[in-house]
Structure formats: C-alpha cells, structure tokens
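Some notes on the structure that comes next.
The values are calculated or read from the model by the stated rules, or taken from the named source; none is laboratory data. Here the structure is a predicted model, which means the values were calculated and not measured. Positions of Cβ are generated from backbone atoms using ideal geometry, with glycine treated the same way; all protein chains shown enter the neighbour counts.
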Amino acid sequence: MRGFKLDGLKLGALLWAAGLALPFALDSSWVSIAAFFAIYAITALSEDVILGRAGMFDMGHAVYFGIGAYVTAILNTTLNVPILLTLPLAMLLAAAAGALLSAPLIRLRGDYLLVATIGFNAIFVLAMQNNPGGITGGSDGITGIGVPSLFGLQLESQSAMFWLDWVLLGLVLLVMRNLDACEFGRALRYLKQDELAASTLGVDARKVKTLAFALGAALAGLAGTLFAVQLSTVSPSSFVFTESVTLFAIVIVGGQGSIPGVLLGTALMFVVPQIFRGLAEYRYFVFGIAMIAVMVLRPQGLLPRRRSAA
Amino acid sequence: MTALLELDGIGISFGGLRAVDDLSFTVNQGQIVGLIGPNGAGKTTVFNMITGVYKPASGTIRWQGNDITGAKPARIATLGLRRTFQTIRLFADMSVFENVRAGCHLAARQHWWQGLLALPAQRREEAELAARTHDILRRLDLEGVADTPATSLPYGVQRRVELARTLAGQPRLIILDEPAAGLNDAESAALNDTIFMIRDTGVTILLVEHDMNVVMQVSDHIVVINFGRKIAEGNATAIRTNPAVIEAYLGRDDDEATAA
Amino acid sequence: MLRTSTIGLGVSVALLAASGAAHAAPPIKIGVQAPITGTYADEGQGIARAVKLLAAQQNAKGGLLGRKIEVITCDDQGEAAQAAICARQLVNDHVVAVIGSYTSGAALAAEPIYARADVIQTSDGTSNELLKHGYKTWFGNAAPNSAEAKFTAHYLVDVQHYKKIAVLTDHSSFATGLAEAVVADVKAAHGTIVDKSFINAGSQNFSPVLTKLKALQPDALYFSGYYSDGGLIRAQMTQLGMKATFVGGDANQNVAFAKIAGAAAAGSIIINVPAPADLPYPVAKQFVADYKTKYGALPPSVFTLTNADGMRAVMQAIAATKSVKPAALETYLHGMKSFQGLTGTFAWNAKGERTGSPFVAFEVQPDGSYKILYPTPTAG
Amino acid sequence: MSLLTINDLRVAYGQIEALKGVSLTVAAGEVVAILGANGAGKTTLMRAISGLLPKTGGTIGFEGTDITRTNADRIVRLGIAQSPEGRRVFGTLTVAENLKLGGFTRPAGEIPASVEAIYAMFPRLAERRAQFAGTLSGGEQQMLAIGRALVAKPKLLLLDEPSLGLAPIIIQSIFRSLRSIADTGVTILIVEQNARAALKLADRGYVLEVGRIIHQDNASNLLASGQMQEAYLGRAAS
Amino acid sequence: MGTFIQQIVNGLTVGGIYALIALGYTMVYGVMRLINFAHGDLCILGAFVGLTMLTGSAGGGHPGAALLLLAFVVSIIAIAVAGVVLERIAYRPLRKADRLAAVVSALGASLMIENGIMLVWGPQVHVFPSNLLPATTWHVAGATISFIQVMIILASLVLMAALYLFVNHTRFGTAIRAAAIDQDAARLMGINVNRVITSVFIIGPGLGAIGGLFIGIYYREAYFTMGWTYGLYAFIAAILGGIGNIPGAMLGGVLLGLFNAFAAGYVSSSWQDAITFGLLIVILLVRPTGLLGERVAEKV
C-alpha cells in the first residue's frame, strides 16, 4: 500500500485550489495584485513557450499581449461584443499575428531574431498610437471596457475578476502541463537543444517553430483580454518594449521551460516590487542589483526545469 | 539483393576544396556496409549529404530507386533513414527514456491540439509509444537507467542510448557515425553484438568507424575513401591487404621501401 | 485677494474650534498616486513633495477637524497596471482623496476604481477619455485641453495673425490631444495649418522633422509636448536657421525649458497659467519659497503647483464641510464658485473640468524670465 | 635532462576520461611523435600541455618548472608554441597579421625578421601575405599555422596533425619543411595519424590508444614492428 | 537641395554619436558574444560625470577649453572603470553559463545604473552650460551647419579612425580581433584573453562616455532614462552593421542616423521609428547577419 505522495502536480493543484480562497484572506488591493499576477503569469508562461521551450529569442512578446487586449477593447466598446466572446477572437488574432510575423524570421538565429522582435514591438506600439482607421484610440487608448458576464452574472467585483483570472491561469497551467507530455511540446525541446539531431529524427523545424509562436501568441492574447478587463482601459504604453524585456527576464530568472520557475519568476519580478513600495525611489536600484545577483548565483534560473523522469 | 541506398557520382566543395568527388557506392538491403578512410577523408561529409544536412553539388542519391538528392533532413527521416552522430548528440536535459522516446517522433499521429487538450486518443498513443520505448530500452539493456539524465551516464551507455533513439524510429537504414569512439575495450566488443542484433531485426547499416577491429569484424562490404574519392571497395580481407588502403592509412614511402 | 484671506481665516477658526475636542482622533488620510520612479519620476516626486509639504504645514497648525493629515504615497511609475494597483491600495487604506497621477494613462486606469469606491481623485491628465464616463469623483488639476486650445488658436490667429502655422506633437496622450484640439480650433478660426508632424519624445534628434518644417516656411511652430523636448526643439530651430516663432503648450513651462533652449529661448512663447516662480499671487510665492526651503530646489514644474492646488482645495472642502464624507466633499468641490489657487483662480464644472483658469501667453526673456504678452497684464 | 616531463596525466571531459594516466618525456633537441588512431586522446594531450584544458591529475613539467596549472598565455611565454589541430588560423586576419600574432610574446622589434624567415621557408605565404588567412588552401593554412608557431621562437614546438586533410604531395612538402625545422635544433612534439611520415621525422615515438600509452620505442623500431599497422588497421579478424 | 543637404548633416551628426556608442556593443559582443544592455546607461553615466565636472567647478563662468578637456578625460576614465567593474561582477561569473543569463544580468545592470543615476543626480532634466563651444554656424548650399555638428562629426570620424587603426595596426588591436575569432587559438599565441576582455570593457565604455558627453553638449540636456533610448538605437546600429564587426558598427550608426533623418524628413514623422525598424527587419531578412557581418556559426 502506498501512502499519499505529494508530487509536484498534486502540490501545484493544492496551491492553485488554495489560491481560490485569496479574496477571503486579502484586501482588495492584494486581490488585484493577485489578479495581475495571474495575468502576467499567463503572459510569462506564453513567453516561455517561445523562449524557454522552443529556444527562440523573442523580445517583443508584449505585441501579442497587446493584440489580445486591443481586440477585446475594440470589439467590446465599439460592437458591444460580450467580453467572454471576444476572448477566442483575441487568441485567434494574436496567434495569427504570431505565426505571420515569425514565419519569415524563423531562420534568423539568436540575437538577430531578438532584434527583429524588438522591431515588431516598436512598430506595434507606434501603430496603436497612430490610431489606424480610428479604431485604437491613439495614445489615449480605449476606455470603458465592460465587465465579463457569466450565465447572466456580472463579474464586476475585484474578487470575481480574480476568480476568472485564476481559473484561466489554472487552465493555462493544465495546457502547459499537457504541452510537456505531448509530441508537439517535446518537439520544441528537441529543437531547442539540438536542431540537427531533432531534424534527423524527423522534426519539421519550420512547422514546429511557427506553431510555437502561434501558441505562445494565443496564450498571450488570452492574457491580453484579461488585462483589458482588469484595467477597463488599454493604451499603447502598457505594451511597450520594456514590458517585453520584463517578460523575457521573468522566464530566465525563474527558469526556462519550468512551470514553477516561471510562476516564481513572475512573483519576483512583479509581486516583490509591490511589497517593497516602501523603498520608494530606491526600489528599482535594488531590484537591478538583485537581478544581477540572482543570475550570478543561479545562472540556470531559480527553479530550473527538472530533468524529468518517465 | 536489392539496392536500398545508391550514391551516384556525388560531390561537394567547401571554399574551393573538393571535399567529396564523384563518389559512388551502393548499400543493399540487409547489409552492413563499412565506410572507412583516414581522418579528414570526407566520411562525415558523405553522411551529411545522405541525411540532407548538405546538398550535393553534383550527382544523385537514390532511395529505393527514387531520387532524394537535396531533400531536407526531416524529410529524409520520414523515409526510415536515421543516423547517429560522431560526437554524441543526445538531448542533454532529458532522461534516457525521453531521449529514446524522441526517436518515435514520426510514429506519433497526434495533432498538436489533441496534445494540448490531452484527449483520450492522444493519451492512448502516448501509452503505446511509451511501451514501444520501453521495449527498445529493454532490448538494449537500458531499462535500469530509463529515468537517469542521459548525459550523466558513462560514454559507452550514452552511445547505446543514441542507438536506441535511432532504433525507436523503426528505421530501414541506420547510419552509424563512429559508434565505437570513446568506448573501452569491453564496450567496443559488446558493440559488435549490438550491431549484429540490429541487423538481425532487418535493419540495414552503413557504418563509419575508425576502430578497425569493429569494422573488419562486422562489415559485409567495405568502401574506402581518401580525399573524397573512393580508393577501394571489397570485403575485410581484401581491404586489409590492399596497398592503396595501407598507404592511405600509414602514409606513403616516397624514397625507400619499408617492409611491413 | 480679499476672499482668499477670508477663507484662510475661516479654516483657521474651524481648526481652533475642533482642536480641543479630539486628541486621539484617527488621522485624515490623503493619497498621492504619482510616478516616483520611471520616466516621469521628476514630476511625480515633485507632486508627492508638494502634498507632503502642505500636509505638514496644516498639521503644524493643528491638522484638520482636529485630526492630523496623513499622506500615503503610491508609486504608479506612470503605468496603467501599476496605477490600478495603487488605486486599490489607496482605496483600501481608506483615503479621503487622492492627489495625482501625472500622466493621463495612469489617471485613466485608476479613475474607475476611485469612482466605484467613491474616493475623490484630483489629478493631472487632460485626455477627453477622463470625462467620458461622467465620474463624480474626478477633478482635473490641469486646465482641459479644450480651453487651452481655444486660447491658443485665438492667440495664434486673431492676436498674432500668423498666416502659416505648423503643429508638432509627440505621441503622448496629452500632447496629441492638445495638438488635435489646437488644429481644430485654428481651422475654426480660419487659420492655416501647413503641417502636423510628430517627434519621438526623448529622442532629442528633432532636426530631421524641423528641417522638413523649415522648408514649409511657417510663421509659427506650435509644439504641444513637454519642455525637455520643447527646449531642444527651440534650440534646434535656431541651429537650423528657422525663423518661425516657437509657441509651446503648457507642458513647456518648466524652469528647464529656457536653460535647455539656451540663447535661443528668448522670444519663445509659452501658453499656460503663470509659472511657479512668476506666479503673481502671494500664496504662490510663499508656497514656492517654503518648498525651496524644505527641499532645496524649486518645484520641477507648474504641475507640482496644480496638484498642490488639488490638495489645497480638498483641505478647504474638508474644513468647510467639517466632514470627510465623499458626497459632501464632491458637492462642495463641484459647487465652488471660485477657488484661489496657487495657479490662479479656478472652479470645477459638473464634469470635473477645471474652469476659469486665466491662460496667458508668455514671452521668454533673454534672462530666462517670463513676460506676459497677452492678455496685456493689469497691475496687481 | 628532459625539456618536457609529463607524469601520469589525466584529463576528463565531464564523465569521459580522455587521458588515463599518460607519462612521457621530451629531451631538448629531440623530435618525438605521438601516434594513434582517431579518438586515442592525442589532441587532448596537446591541448593539455598548452594549458587549454584543466587536468584531473598528474603533472606537466617544463624545464624543471611545474606548468600543470599555468595559464595558456604564460605557457607560450615560457617557450611552448603549438600549431593546433585543424590549423585554427585567424580567418579574417591577413597572413601577415597571423604571423605577427605568433610573436605576440616577443619584443616587437624582433618580429619582422622572424616573419621574413617564415616567408623564406614558405614562399607561398610571402605571395599571399596580404590575403585573409581564411582564403588560403588547406596546405597553405597548415604552413601558416606552423609558421605562426615558429615566430614565437619556441623551445618546444607542438604540432597537432599537420597532415590532416591534406593531399599527399602537400604532406610531403610540409614534412620536408618540418625536417629542416628540426634540423635547426627546435625540439618538436608531433601528434600525427600519418605514422610513416611522422616516424621518419621523429627520433622516438609513443603509441596512444584510448587515453593510454601502449608502446614506446625509437622510430625505426616502431616502423618495423607491425604494431603500428595493428594500432591503425586493427588486429586480424578472429 | 538645401533641405536634402541639411538632412544629411542631421543624419551624420546623430549617426556619429550612435556609432560611438554602437562600437561598445559590437566590441563586447565580438569577444564575448554578450549583448551588454547596460552599455547605453554607462554612456549616459558618462554624460553625468562630465556634467558634474563642468558645472561643479566652473562657478558659472566660462568653463574654458581646459576644463572641457578635463571633463572628457575624467568621464572617460570613470566610465571605463565602471565598465571593468561591471564585467568583473556581472558578466565574468557567467561566461560559461547559458548566455541568456548574462543578458538578464546586463538588464539588471541597466536598471541599477539608470536608477543609480536618479538617486545621485535626481530625476530632473540636467542642463549643460551653453557656452562650452562657439555658437558659430555656417551656411552651405541652403543648409545650416553649426560648429558643434562639425565638431561631433569630425571627432567621431577621428575616434573611429583611431580605433580602426588601433585594432588593425597595433599588436594588441590584432590580439583583440584574434580573440574575437577564436579564443583558444588566441591563447596559443600567448594572448591573455582576460586582458583582452578587460580592454574591451575599457575601450567600449570609454568611447561610450565620449558619445554620452557629445549628447550632453550637443543637446545640452541629460536625464537618467536617456541611456535606454540611446542604448537601443546604438544596439540596432551595431546589428545593422553586423554585430561583432567594428567597421560595421560605424557604418550601422551612420546609416541609422541617416535613416532616421530621411524617414522623418521625407516619409512620415509619425511612423519614423516604424520605418526605421521595418527597414532593419528587411535588411536582416536579406542579409541575416547584418551588412558587414560574417556568416559564421553563432556560439550558442
């Protein structure tokens, strides 16, 4: 007879379930931080699909996050499409953008891909600011985004929004776990570690990488929708290049390809600065030093991917 | 005997240097063919052309009579043509099981979305492929280290893992690029048995190897190249006594005769 | 002037009356939501300092309603997500009112949260989006773009009779909004806009776009963005031998503008309420002096003072209504006929827009000081 | 007294032990060959002597000084230069620049004369002095690599596979040059797969097999013994 | 015509500054394969150090040529030291690690330096004295060229030529190039690669300090977030020219300056950056390793 064994999965499920109770334990500002944590965690996990798992240096990931947010904002405020209906569209459009933008770039290696994605990010922000067709609201962005409703129930309170974010984070975590255990997810890792060896096993690099970009973008699009809902407003400044840099750093600091690592990275890069608000203007000076220290002491990230078993 | 793989006059140059020149040979179904030659003779380049890493500048490569010259590596793999690497290229962050499971990539029929949703069909397939992987691990005596990180194992075991990964793709032909490199004597001796075992399951083998003990003992047919050209072809006994081969390996005596 | 003194006296009397009663009364909390770090740190830190200074001064006089004022600062970095978090934190800290933020983007993200929690928000931010949803809690500290644009168009077309006007803006919400309004109002006044161009804020390399504008030979170049870029634009115009008059929007009013523009600064026109150092009102002079004494530097810009005015108005509302109830304060603030601010006399209309601000056109003098060109100043 | 003394040297790449206790000596003025099949550990030995690899055990002594843990650049200063396997010329530097770099550790004033001496030895290099090294043929690159090492005026010259990938006629010419270099009294330790060429150049030889020395003898004995053929072409099929 | 020439001058001036900063990116990348994201911040730190020299001791009077020179010297030394210290602390321990770890360490360093500047000098815009250089301007074919533009263009050219001569015609310069091509082979020449890396962290930031001071003197302002903007532009210039290639960085910087000028002047000021980045992406698609970059396998 085996007793109850607390493996990573069960521990994760337990933590997630405990997280559902956060609104009862925290005041609403911390609930909103938890909600943003869930949203950024989804975005960081989506970056991890491209950067951590497929090994492609994507430093423009805020683009897909932004596309998701804008799709929801535009559809909801101009055509009154219910929020939850905009969600699949946001994912789909972000995925299409990911696939289209990456297709010509996949043959670029390492640093050159990084620069090209930075370029996309700059172009995206400028495009939103220039208000093409009058639909993005220019630099003001779009305000007055509605709240999602589920079975006629308006998810208006911060707690309700948190639960929505948390449940979707849970689903994304499930998808990430499934990704680890399916042929597509493994193909990404083969390509990252050794493209030549992978190709001799029959992995179609071009197809798999494009798909990785599409999946990463789709999940970022999902997070974008949640972001737009949480803020009830979107503007170009939320999707600038420095946001992409933060996402990039979250994955590396946490541990590439590691779900707990990326979650911890998100917590460190996003939640910890909230705790240290008291440091005021010293905050990001200290934070910069901490980033160097973490990398020097743990170059593989804080919780690197375990060499997993069968 | 039917020809499985035919090289017909292939050649390639790098920066003005003719690395492989007008090379032709045939690998028949069920054979073990050794491809040998001194260091830098162009053997690995030949492999890279067969497996689609390089595109030959001239000549044709045929697979069961069909022209596959210049096809991409992933497409070559779908034909059932697999290879190992001279310097082992295992996936460093993965266990032995995961590495061998990687060989089953093309056998997986699941779509990516089935995988992300963990649909029953996908899970069934995963279970089947896991079983296939375990089967191969058992055959190559790797069951005991299935969960060990592959690159933490002794070199000889890593060689076997790479072989197992190759076999997991259920290949028709495998190209072994110096499988004995870095092995100790006992491992080297065991390698012969492994190669015969693979051949006995119906897999054709093209072997590049420096350890002549291995090459001479296992090969049905040996092709010798030097400077990218074929200098001899035949069975082990003929090759060992071929003056051109000896000269290629031990160097030439230009001004005096040395009795060997 | 007389009215101001009366109000001031009223406040003191109320304070005296209340001070005996409540020693252990909990403090009145006022929030500051401002960019303490990041690109706008200069402005944000100025706002936080101004509010803290006012609170300290009031506390030295015994506080308000017999209670001390406690200032809680939250760094929103000028970013929407951080602003939303700050808003919730300040709401949870039970602040009565929030001063800030500086950017429209941060103000927009926080606005619905304050509105839902019924917390007064008196903030910079001129985007029309801020007024769109009719929140009762919103009080703009900066004069709305519409009023400034109308005055600007009037000045350019009717007063100076410029024939050809070029408009330059950066991509920020505030500057694009102002530029658009100016373009519309100039056209309405039958003026001619020869071009509207963009710069990248902070890129410093404005010569290319100025070279293009120079070829169009405008009489005036109107720039709606910030002083750090405006001063440089002015300097680079001179460098390029561009003859047009530089007319800058309110965000150009910063002590650094003239310093950056250097010798080129003289003759530049800036349209705004008067500058901190040149504010004609004694209260303003006193405040600027106090600020300098406490922090060893002048306030970074007039926005420090507009936000200080927000704080002062809130304090007056509390004193006058003897209450910290949101509804009472909102009614009071919306109903104020005129408030003597550090930056001039103003009121708030039903939408929370600041009205009645006396816009003026300054000319920058060779010594860097300002001279009011229009409307022609009257003594006092 | 020996110039180079290697005692029980061990080098490992992670798990794999490439040298399993190698001991050898090179006396001043000697030419010593290290022979062995691919993968025997010859290049590892050369890289270890030059200080490019960390050692897991054993010692290397040069002129009585322990250089086991000395940095690579210091070792060059002490007088050991290497022409590495695969030539490793600096492809985007000119031939002249490559040669000058060879004398990096010597006083600048002495370099031009040394470089000219190399041009005299390899006239092909003189013709191509302004060309990028990457555009040279394999044989020319090998000449450049050897010449570059000679500009350092080494007390001990390490040559790693100078015949690798070269046509027989080029190999002959390279070895003729090496002969004349050896005749000037430079001590040489050569790693070579082309056993006959190497043994004709060398005074003594060591045969390396999977990280261990299995034979050592003077050159003529090794050439005659038949052990060489076995080491290279394998034992007769059992 | 005048407008066209003016745009060329505009482009060359800012292009010269980009090139000086881009050289630091490219040299570090060439030897270490590291994108030093903190480089732009180091350059602006140079501007601040120089400013302190100029204003701290001038007492409001004319700073004079000697003081200006001193400001440059002190700033170059200070930033070179900062560069070397940064390499020791933040990059050297990561030389054998996943290279992305070093990239994130560089991002942390950037954040640290940027906010460090804010803590020391404050968040406000700092203004450089206006009387550092003569206000002379020349009118050439309808274009106006100022003394300072000529000085920046000339000084950039001289510095780049000097660097070019140094790396191409001195022994140590050749050693730097050799170490960039093949570190092990360089060691076999007796080159101390650690010293090469240290020297690269002296030369790159040193030139960057000059670039930073040029920015301050030309635009007469400096503030703490400027480094990120300039760093990004200079990094793109380095990539454009082919990162790791020294003449490439020079070419890339000047081209980027010209691109910007022509995009803003002739195409669309509102899409200026998009045009620049779009062009960059197109160039990378046509020449995946930049204009002068070698087609060598990347050390990943």
| Candidates E:Ala109, E:Ala180, filtered to the one that is under 30 Å from C:Gly44 (Cα atoms), under 21 Å from the mean Cα position of the chain (by Cα) and in contact (Cβ under 8 Å) with a residue 60 or more places away in the chain | E:Ala109
| task | Please find, among E:Ile44, E:Ile117, E:Ile77, the residue that is in a helix (DSSP H, G or I) and surrounded by fewer than 24 Cβ atoms within 10 Å (Cβ to Cβ). | result | E:Ile77
| Here are some conditions: (1) closer than 30 Å to E:Asn131 by Cβ; (2) touching an Asp or Glu at 6+ places or on another chain (Cβ under 8 Å); (3) surrounded by fewer than 24 Cβ atoms within 10 Å (Cβ to Cβ). E:Gly231 meets all but one. Which one does it not meet? | (3)
| request: Please work out if B:Arg89 is part of a loop (DSSP other than H, G, I, E, B) and facing another protein chain (nearest Cβ under 8 Å). | output: yes
| said: If a residue must be within 14 Å of chain A (Cβ to nearest Cβ), touching a residue at least 60 places away in the same chain (Cβ under 8 Å) and part of a helix (DSSP H, G or I), how many such residues does the stretch C:147-176 contain? | reply: 3
| remark: Pairing a residue in the stretch D:122-139 that is under 11 Å from D:Glu97 (Cβ atoms) and free of Cβ contacts under 8 Å to residues at least 40 places away in the same chain with any residue that is surrounded by 15 or more Cβ atoms within 10 Å (Cβ to Cβ) and among the small types (Gly, Ala, Ser), where Cβ atoms lie under 8 Å and the two sit 6 or more apart in sequence or on different chains, gives D:Arg129/D:Ala96; D:Ala130/D:Ala96
| query | Can C:Ala256 be described as farther than 24 Å from E:Tyr218 by Cβ, within 19 Å of the chain's Cα centre (by Cα) and surrounded by fewer than 24 Cβ atoms within 10 Å (Cβ to Cβ)? | reply | no
| Check on E:Leu280, surrounded by 18 or more Cβ atoms within 10 Å (Cβ to Cβ), at the interface with chain A (Cβ under 9 Å from one of its Cβ atoms), in contact (Cβ under 8 Å) with a residue 24 or more places away in the chain and over 21 Å from E:Ile176 (Cα atoms) | yes
| Condition met for A:Pro260 (in a helix (DSSP H, G or I), more than 7 Å from every other protein chain (Cβ to nearest Cβ) and farther than 30 Å from C:Phe174 by Cβ) | yes
| task | Output yes when any residue across the stretch E:81-103 is assigned to a loop (DSSP other than H, G, I, E, B) and more than 12 Å from chain A (Cβ to nearest Cβ), and no when none is. | result | no
| Going through the stretch B:232-250 one residue at a time, which ones are within 7 Å of chain D (Cβ to nearest Cβ) and of a type outside the set (A, V, I, L, M, F, W, C)? | B:Arg240, B:Tyr249
| remark: All conditions in (1) more than 19 Å from the chain's Cα centre (by Cα); (2) closer than 21 Å to C:Gln365 by Cα; (3) without any contact (Cβ under 8 Å) to a residue 60 or more places away in the chain are true of C:Ser228 except (1)
| the stretch A:137-185: number of residues that are touching an Asp or Glu at 6+ places or on another chain (Cβ under 6 Å) and buried (at least 20 other Cβ atoms within 10 Å of the Cβ) | 2
| field | Checklist (1) farther than 19 Å from A:Leu114 by Cβ; (2) crowded, with 23+ Cβ neighbours inside 10 Å; (3) at pLDDT below 90; (4) not hydroxyl-bearing (Ser, Thr, Tyr) applied to E:Asn245, failing item | value | (1)
| Within the stretch C:312-329, considering residues that are surrounded by 20 or more Cβ atoms within 10 Å (Cβ to Cβ) and not aliphatic (A, V, I, L, M), the one farthest from C:Ala284 (Cα to Cα) | C:Gln316
| Exclusive hit being touching a residue at least 60 places away in the same chain (Cβ under 8 Å), in contact with a helix residue (DSSP H, G or I) (Cβ under 8 Å, 6 or more places away or on another chain) and away from chain D (no Cβ under 14 Å), set B:Gly202, B:Gly169, B:Gly228 | B:Gly169
| task | Please tell me if D:Arg235 is modelled with pLDDT under 90, basic (Lys, Arg) and surrounded by fewer than 24 Cβ atoms within 10 Å (Cβ to Cβ). | result | yes
| said: Here is a list: E:Val200, E:Val286, E:Val267. Which entry is under 30 Å from E:Val85 (Cβ atoms) and out of contact with any strand residue (DSSP E or B) (no Cβ under 6 Å at 6 or more places or on another chain)? | reply: E:Val200
| field | Of all residues making up the stretch C:200-230, the number that are on the phi < 0 side of the Ramachandran plot and more than 7 Å from chain E (Cβ to nearest Cβ) | value | 18
